[in-house]
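Remarks on the structure that follows.
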Amino acid sequence: MNPLVPTFADGAVTAVALAATIFTLVALVSWLRNSRMLGLHQFGWLAAIVLVPILGPAAWFAVGRPSQVATAGLDSEGKPAN
C-alpha cells in the first residue's frame, strides 16, 4: 500500500485490474473454444484480446465470436449437418 494513496482508491484500482484480468481470461477461453477460424484471422483476434485491455475482449464478444444462430445446423467441423 502506498501511504500517499487513499485506501479506497488503492482498492478500486485493484478491483478494476482484477475484473479486466478475469474478462480477458474469459475471452481467451471463448477464443480457444472457437474452432471455426483459421490462420491470421485467428491470431489477429488473439493479439487483440491480449494486447488491448478491455476493448479487445469486448470486441471479441461483440463481433468476433460466431453467434449461435450462425452456427446452428453445423456439425463440430463447421460443415452443414445432414
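The values are calculated or read from the model by the stated rules, or taken from the named source; none is laboratory data. Everything numeric here is computed off the predicted structure, so don't read it as measured data. In this analysis, Cβ positions are derived from the backbone assuming ideal geometry, glycine residues included, and neighbour counts consider all displayed protein chains.
Below are the figures for this structure:
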item: The lone exception for S35 - which of (1) modelled with pLDDT of 80 or more; (2) in a loop (DSSP other than H, G, I, E, B) it fails; result: (1)
item: Filtered residues of the range 1-43 (kept if β-branched (V, I, T), without any contact (Cβ under 8 Å) to a residue 12 or more places away in the chain and closer than 17 Å to G56 by Cβ); result: V16, T21, I22, V29
item: Selection within the range 54-69 - in a loop (DSSP other than H, G, I, E, B) and modelled with pLDDT of 90 or more; result: I54
item: Subset tally (residues that are farther than 11 Å from L28 by Cα and surrounded by 14 or more Cβ atoms within 10 Å (Cβ to Cβ)) for the range 53-64; result: 4
item: Index of the failed condition, T21 passing every other in (1) surrounded by fewer than 12 Cβ atoms within 10 Å (Cβ to Cβ); (2) at pLDDT below 95; result: (2)
item: Residue match in the range 24-45 (condition: surrounded by 10 or more Cβ atoms within 10 Å (Cβ to Cβ) and touching a Leu at 6+ places or on another chain (Cβ under 7 Å)); result: yes
item: Which numbered condition S76 misses (of (1) modelled with pLDDT of 85 or more; (2) surrounded by fewer than 11 Cβ atoms within 10 Å (Cβ to Cβ); (3) assigned to a loop (DSSP other than H, G, I, E, B)); result: (1)
